[in-house]
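The values are calculated or read from the model by the stated rules, or taken from the named source; none is laboratory data. Quick caveat: nothing in here was measured; it's all calculated off a predicted structure. Don't worry about glycine lacking a Cβ; one is built from the backbone with ideal geometry, like all the others, and counts go over all protein chains shown.
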Amino acid sequence: MGVSIQLDDDEALVLFEFLASREDLRAELKLEAPEFHAFDSLHAALERVLVVPFEPNYSTLLSAARTSLIERFGKEWT
């Protein structure tokens, strides 16, 4: 069984970058092995479909994606 989710490009890119820092993620979030593996699987799935991380202007594109999400949803969250 598999699950499909729909993310727009900006959401996928920002989430990919967040998960790319997974080396520290387990310690920061105090994740146990199952949760860490689930995060790692999600990162791998995004890595398989995204081409933007390999673009020479990746940092600019990531910044634009982050700005887009802030403009749509705001800076605050609860």
Taking first residues from segment 2-30 that are under 21 Å from Y58 (Cα atoms) and second residues anywhere that are at pLDDT 80 or above and in a loop (DSSP other than H, G, I, E, B), the pairs with Cβ under 6 Å that are 6 or more apart or on different chains are F16/L50
Checking L15, L25, L46, L42 in turn, the sole residue that is assigned to a helix (DSSP H, G or I) and in contact with a Phe, Trp or Tyr (Cβ under 6 Å, 6 or more places away or on another chain) turns out to be L46
Can we say F39 is hydrophobic (A, V, I, L, M, F, W, C), closer than 18 Å to S4 by Cα and modelled with pLDDT under 95?
-> yes
Failed condition for E32, given (1) farther than 15 Å from S68 by Cβ; (2) surrounded by 11 or more Cβ atoms within 10 Å (Cβ to Cβ) | (2)
Of (1) under 26 Å from R72 (Cβ atoms); (2) at pLDDT below 95, T60 satisfies every one except (2)
